[in-house]
Amino acid sequence: MNQVRVAVFASGTGSNFQAMLDAENLACDIVLLVSDKPNAPAINKAKAHGIATLVFDPKGFPSKQDYESMLIEKLRVKSIRWIFLAGYMRIVGLTLLKAFEGRIVNIHPSLLPAFPGKDAIGQAIEAGVKKTGVTIHFIDEGIDTGPIIAQEEVSIPPAVSKEGLAQRIHRVEHQLYPKVINQLIQSEG
Ligand code: GRF
């Protein structure tokens, strides 16, 4: 039985979340899936694995500080040590950042600092670059600016479609994220 308890935050498909669930030797227990989108397919993936879900509507709170305070409370009740963002489409605010300092990690589909923000895959195609990639980084106050933990390149074939490139990037993401999670957990002892 693993010991370290972690939460995954996802707003969409959750293929990275699924890759964590499928990883054979994940060094932690994913005990909570948090989503800001009631219809996110990631929620059903959690349910199929018997993982608790917390779905919240940010509009139901007066401010980011309020919903993040609610999240912190729920995360503490579940003794969550790490938060792994996997397609979570909100900017993490100072309230949550401070409560989980150095323990919130994100995956981004480019070689940061290139192509931060939304549609990193479309940005790379538009720029006509020959390679892009995947970055796993700690979250800080900026958008995709936190300290980089790991990166892996993905080549961009000529005339590739956005879907085609997204597939290539996802294949790399699904290998890299569980590996980096294990390194982070194990480095804590
Ligand atoms: C991934 O490409 C990740 O890099 C980005 O959002 C996407 C999420 O995909 N942050 P999925 O929901 O894990 O399939």
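Search the stretch 80-105 for residues that are more than 11 Å from the ligand (Cβ to nearest atom) and assigned to a helix (DSSP H, G or I) and pair each with any residue that is of a type in the set (Lys, Arg) and at pLDDT 95 or above when their beta-carbon atoms are under 8 Å apart and the residues are at least 6 apart or on different chains.
Thr95/Lys64
Select from the stretch 73-96 the residues that are over 20 Å from Gly142 (Cβ atoms) and among the hydroxyl-bearing types (Ser, Thr, Tyr) and list them in ascending order.
Of everything in the stretch 73-96, just one residue is over 20 Å from Gly142 (Cβ atoms) and among the hydroxyl-bearing types (Ser, Thr, Tyr), namely Ser79.
Pairs please, first residue from the stretch 159-173 and of a type in the set (A, V, I, L, M), second anywhere and in a helix (DSSP H, G or I), Cβ atoms under 8 Å, 6+ apart in sequence or on different chains.
Partner pairs satisfying both residue conditions: Val160/Ile125; Val160/Arg168; Leu165/Ile121; Leu165/Ala124; Leu165/Ile125; Ala166/Ile121; Ile169/Ile121.
Could you list, in sequence order, the residues of the stretch 32-52 that are within 16 Å of the chain's Cα centre (by Cα) and either surrounded by fewer than 17 Cβ atoms within 10 Å (Cβ to Cβ) or within 15 Å of the ligand (Cβ to nearest atom) (or both)?
Residues satisfying the conditions are Leu33, Val34, Ser35, Asp36, Lys37, Ala40, Pro41, Ala42, Ile43, Lys45, Ala46.
Before we move on, is Val4 away from the ligand (no atom under 15 Å from the Cβ), more than 23 Å from Glu152 (Cβ to Cβ), of a type in the set (Val, Ile, Thr) and without any contact (Cβ under 8 Å) to a residue 12 or more places away in the chain?
Considered against the rule, which asks whether it is away from the ligand (no atom under 15 Å from the Cβ), more than 23 Å from Glu152 (Cβ to Cβ), of a type in the set (Val, Ile, Thr) and without any contact (Cβ under 8 Å) to a residue 12 or more places away in the chain, Val4 comes out as no.
Give the stretch 10-29 a look and list any residue that's more than 23 Å from Gln167 (Cβ to Cβ) and touching a strand residue (DSSP E or B) at 6+ places or on another chain (Cβ under 7 Å), or say none.
If the condition is that a residue be more than 23 Å from Gln167 (Cβ to Cβ) and touching a strand residue (DSSP E or B) at 6+ places or on another chain (Cβ under 7 Å), then Cys28, Asp29 are the ones that fit.
What number of residues within the stretch 45-74 satisfy the criterion of being assigned to a helix (DSSP H, G or I) and free of Cβ contacts under 8 Å to residues at least 24 places away in the same chain? Reasoning before the result, please.
Taking the stretch 45-74 and keeping what is assigned to a helix (DSSP H, G or I), we get 45-48, 58-60, 64-74.
Going one step further and asking which of them are free of Cβ contacts under 8 Å to residues at least 24 places away in the same chain, we end up with 47-48, 59-60, 66-67, 70, 73.
Qualifying residue count, the stretch 45-74: 8.
Here are the criteria: (1) surrounded by fewer than 12 Cβ atoms within 10 Å (Cβ to Cβ); (2) within 19 Å of Glu101 (Cα to Cα). Tell me which single one Ile149 does not satisfy.
(1) is the only condition that Ile149 fails.
To keep it simple, each residue is scored yes or no on (1) at pLDDT 95 or above; (2) among the β-branched types (Val, Ile, Thr); (3) surrounded by fewer than 19 Cβ atoms within 10 Å (Cβ to Cβ); (4) under 21 Å from Val8 (Cα atoms).
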position	(1), (2), (3), (4)
Lys98	yes, no, yes, yes
Ala124	yes, no, no, no
Ala127	yes, no, yes, no
Tyr177	yes, no, no, yes
Gln183	yes, no, yes, yes
Glu188	no, no, yes, yes
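Identify, by number, the condition in (1) within 14 Å of the ligand (Cβ to nearest atom); (2) closer than 17 Å to Ile104 by Cβ; (3) exposed (fewer than 12 other Cβ atoms within 10 Å of the Cβ) that Asp144 doesn't meet.
(3)
Name, by its number, the condition in (1) closer than 24 Å to Gln18 by Cβ; (2) buried (at least 20 other Cβ atoms within 10 Å of the Cβ); (3) not hydroxyl-bearing (Ser, Thr, Tyr) that does not hold for Met89.
(2)
Take Val55 and tell me if it is touching a Lys or Arg at 6+ places or on another chain (Cβ under 9 Å), within 16 Å of the ligand (Cβ to nearest atom) and more than 24 Å from Lys179 (Cα to Cα).
Taking the combined requirement at face value, the residue satisfies it.
The values are calculated or read from the model by the stated rules, or taken from the named source; none is laboratory data. Predicted model only: the values in this text are computed from it and were never measured. Glycine gets a Cβ as well: all are built from the backbone with ideal geometry, and neighbour counts include every protein chain shown.
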